[in-house]
Every structure is written in C-alpha cells, then in structure tokens.
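Trainee: If you scroll down you'll find the structure; I have some questions about it.
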Amino acid sequence: MADRQRHRSRWAVYVAASLLAAAALVQGPGLAVGAGAEEAAETPVPATPAPATPVPVTSAPVTPVPAAAVPTAPVPTATVVPPPPSASPDRQPAFGAYLDYSSLGVLRMAGISRWLNGSQLRVGRTYLPGDRWSNIEGAPAFLDAWANWRRERADRMFVLNVPMLERNEEGLSDAEVRALLRRGAAGEFDPHYRRLAERLVGLGVPDTILVLGWEMNGITYTHRCGPDPEAWKEYWNSIVTTMRSVPGQRFRFDFTPSRGRDAVPWTDCYPGDATVDIIGMDAYDQPQGMSFDEQVAEPYGLRKHVEFAREHGKPISYPEWGLFRNGDNAEYMRGMLAWMDAHEPLYHTITDYCPHGVWQCGRNPKAAEVYRSVLSGRAEPVPVPSPVPTSRPVPTAPPHPTCPSPDLGDWGEYWLGGRLCIRFDWWSRIR
C-alpha cells in the first residue's frame with residue numbers, strides 16, 4: 001500500500017553495502033537491540049513497503065511516558081463499530097512488529113521488547129521474496145531462524161506473506177497478469193505451493209498463518225486481482241486446497257486487502273468462506289490529510305472491514321499498519337491502537353522502519369510515545385500446550401570440497417540468486 005520502488009540496476013554496489021551494513025548490525029556495538037535510543041539501518045526488504053530512497057536514521061532516545069501522561073482520545077462513536085458480544089475488556093490482541101525480513105528481524109525482537117518495558121512480541125512476521133518461484137517455494141534460509149523462534153513458545157504466531165506469482169514487483173501489464181491468473185486457476189502453479197507447504201511442515205511450523213496474495217485490490221503487485229477477479233478467486237482456492245492437502249499442516253489463510261477501495265473493491269476479490277480463515281487489512285496512515293475518523297468511515301475502510309468479517313464469521317487481523325503520508329501523527333496512532341483494542345484482532349504487526357515505524361525510526365517521536373505508553377508492560381499470556389516441537393536442529397549443507405561458499409547472508413544470496421562459489425582450483429582450468 002505504501003511506495004515500493006526498487007533500484008536494482010546497481011545491484012552489485014547495493015549487495016556490498018548491504019553485506020557491510022548487516023555485518024555491522026550483527027557484530028557492532030551500535031545495533032538497535034537493547035540500545036535504548038533505538039536506531040537501526042534500513043535494510044532492503046523484499047515485497048514490503050519502503051521509502052523510494054533510503055534515509056539514514058538518526059534517532060534521539062525516546063523518553064518513557066507514563067500512560068497517564070499521554071491523552072487518550074476515544075475514537076468518535078459515530079464511526080465505531082461496536083465490539084462483538086464476546087469481547088472482553090481484559091483481552092489484549094497479540095501483537096508484533098515487522099523489524100526485518102531476515103534473521104535480523106528475530107534478533108531485534110528482544111530490543112523492542114525491552115523498549116516496551118518487557119512486553120512480549122507474540123507475533124513474528126516476514127515475507128517470501130516474489131522474484132522467482134524457488135523463493136516462493138520457501139528456499140530462503142532465513143525461514144529456519146523464524147521457525148526456531150516460533151517453536152520456542154507455544155503461544156507465539158508465525159505470519160508469512162506469500163506471493164501468488166513470481167516477478168511480483170516487475171510491473172507486468174494487465175494482459176500479462178490476466179493470462180497468469182488464468183493459468184494459476186487451471187492449477188499450473190500448484191506444485192510450487194505444495195513444496196512450500198512441505199517446507200513449512202518440515203521446519204516444524206505447520207500452524208503458520210499465510211498472508212496469501214496481500215493487497216490484491218491495488219496495482220503494486222503482479223498477484224493483483226483487478227485484471228480478472230474471477231480467475232484470481234479460483235487461483236486462491238486452488239493454492240489453499242493444494243497446501244491443505246499436505247499431511248501434518250494446520251495452516252490458516254489470511255485474506256488481506258489494503259484499506260479503502262484502491263483499484264477495485266476488495267470485496268470483489270473475496271474467494272469464499274471455505275478457503276479463508278482470517279480477514280485482514282493493511283492500514284497505513286494515508287492519503288495525506290485524511291483523519292483517522294475518515295479512515296474508519298471511508299468506503300471499504302476500517303468499519304467495512306470489521307462488518308464484513310463479522311458477517312462471514314471470521315476473525316480480523318492487521319498484518320501491516322503504521323504511519324505514512326501524515327508524518328508523526330499521534331492522533332492516528334491513538335486511534336489505531338484504540339480501534340484494535342476495541343475490535344480484538346487475532347493479531348497486529350506494525351511496520352517498524354521509516355517512515356512507518358516508531359522504534360527503528362527516529363522521525364516519529366510523538367507517535368512513538370503513544371505506541372510505547374499503550375503497549376508497554378502488557379502482561380504475558382499463560383503458555384498453552386502445543387504439539388509443535390520445541391526444538392529442532394537446523395540442517396546445514398556441507399561445503400563443496402572444491403567450491404567453498406563464503407557466508408554472504410540471506411540478502412546477499414537473494415540478490416546474487418544463490419550462494420557464491422569460489423573455486424580454488426581455477427588455475428588448473430586454464431593450463
């Protein structure tokens with residue numbers, strides 16, 4: 001829903017810069033985790049909103065603000081949908097933050113938890129790159145780190161955004177998208193999703209929440225719905241049926257449009273109750289000048305989302321939300337947090353990098369104070385028994401005897417298209 005421009009023409013330069021930045025984050029003393037004045041480098045993130053030009057973050061410490069010091073203006077009653085009858089004022093939605101797509105996202109959770117005075121992030125969320133089918137099948141090694149995090153506690157949720165088509169951010173025409181959706185509806189791409197399901201079950205995370213084909217009502221992604229809604233719905237159903245057929249799976253599928261009408265009404269893309277477990281919404285603070293009250297009341301906005309989910313008997317979620325076009329907007333932050341507490345989503349995860357975030361981004365101190373005061377010190381829920389294994393060794397492939405591979409990290413391998421092979425017997429090949 002936010003801007004997603006990519007500058008991959010100078011990929012070699014960016015790969016080197018990304019690797020150096022990642023090494024500094026992991027090894028250096030300036031890592032945001034536990035730093036108090038939370039500052040972190042903005043690493044490139046596949047398939048998630050990012051500023052067109054990376055902006056260095058220089059943040060000042062955010063002073064803890066007692067809850068009483070931050071005024072909590074209630075959401076206007078004229079636009080609030082009453083919570084469901086089963087809602088309990090003591091229940092608090094599970095929450096998390098998108099901190100990085102790779103294993104750095106896992107490492108940074110401890111830091112933001114300390115910033116929130118011990119509140120535990122129960123939700124971990126990342127993306128599969130949508131550049132090629134092998135990555136959509138679950139090839140990236142960072143999935144192992146996320147699976148390990150999920151298995152450490154029974155009450156955690158692992159949320160994974162899954163593209164529905166490769167070349168997902170390459171600006172394909174409507175005619176190309178239409179043809180691809182029809183091929184998908186005919187079952188041509190189902191084997192890719194069977195392999196993904198088998199990969200997740202094999203990692204010990206068979207209960208992953210899959211945000212499949214997110215923001216389909218917009219124009220950003222190849223997996224958009226607009227060129228052929230009927231084919232899109234058939235394709236969604238085919239993917240879900242395929243993944244549910246894998247033994248051992250307990251996946252939940254999250255249908256998540258962007259807030260508002262966007263290119264098409266998102267209700268036109270809804271594939272049916274049989275294959276949807278959760279109805280989500282990506283809800284950033286935009287367009288410029290739109291108040292939170294208007295975001296609730298607009299066509300296909302927050303109120304419609306809650307009403308639609310209730311009509312279909314589904315829980316709601318907010319996989320992506322955060323600041324955007326209206327800058328450091330404390331009113332939006334108060335309104336969104338109050339809305340989610342009132343309507344009890346299954347989970348919500350703020351997008352925490354500039355310009356959207358509050359911990360890794362120093363541009364939004366007022367909104368950060370609100371977020372911190374509301375979510376600080378939230379009690380941990382009592383863990384419940386789970387059949388998910390609590391430990392699992394991470395397999396490591398032995399290096400090729402004549403072709404060792406340096407550790408470039410997930411992002412370096414993502415840009416290079418695989419591990420880098422350096423042959424020490426190169427001289428013998430030119431003798």
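Trainee: So what is the accessible area of the range 204-313 per residue, in Å², with the probe set to 1.4 Å?
Mentor: 31 Å²
Trainee: With every protein chain left in place and a probe of 1.4 Å, what is the accessible surface of ARG156, to the nearest 10 Å²?
Mentor: Result for ARG156: roughly 40 Å² accessible.
Trainee: Counting only protein heavy atoms, what percent of the accessible surface of the range 110-152 is carbon or sulfur at a 1.4 Å probe?
Mentor: 47 percent
Trainee: Decide, for the range 175-290, between rounded, prolate and oblate: order the square roots of the alpha carbon gyration tensor eigenvalues as a ≥ b ≥ c, take rounded if a/c falls under 1.5, and otherwise choose prolate if a/b is larger than b/c, else oblate.
Mentor: Oblate, since a/c reaches 1.5 and b/c is not below a/b.
Trainee: For ARG310 and SER134, what does the FRET efficiency come to when R0 = 41 Å and r is the distance between their Cβ atoms, rounded to the nearest 0.05?
Mentor: For ARG310 and SER134, the calculated efficiency is 0.55.
Trainee: Could I ask something else about it? Debye sum, Cα scatterers, the range 97-191, no solvent: what log₁₀ I/I(0) at q = 0.11, 0.26 1/Å?
Mentor: Relative scattering, expressed as log10 I(q)/I(0), comes to -0.44, -1.33.
Trainee: Now for a separate question. When the accessible area of the range 254-324 is split by element with a 1.4 Å probe, what percent falls to carbon and sulfur?
Mentor: Carbon and sulfur atoms account for 47 percent of the accessible area of the range 254-324.
Trainee: With θ taken as phi - 60° and the coefficients 6.51, -1.76 and 1.60, list the Karplus ³J(HN,Hα) couplings across the range 281-297 in order, rounded to whole Hz; mark glycine and proline as x.
Mentor: 7, 8, 9, 8, 7, 7, x, 4, x, 7, 6, 4, 4, 6, 5, 5, 8
Trainee: Quick one: what does P(r) look like for the range 229-344 with 5 Å bins over all Cα pairs, in whole %?
Mentor: Final binned percentages: 2, 11, 20, 22, 18, 12, 9, 5, 2, 0.
The values are calculated or read from the model by the stated rules, or taken from the named source; none is laboratory data. These figures come from a predicted structure and were not determined experimentally. Using ideal geometry, Cβ is built from the backbone for each residue, glycine included, and neighbour counts are taken over all protein chains shown. Just the protein is used for accessible areas: all its heavy atoms, side chains included, with ligands, DNA and RNA removed. Shrake-Rupley method; radii C 1.70, N 1.55, O 1.52, S 1.80 Å.
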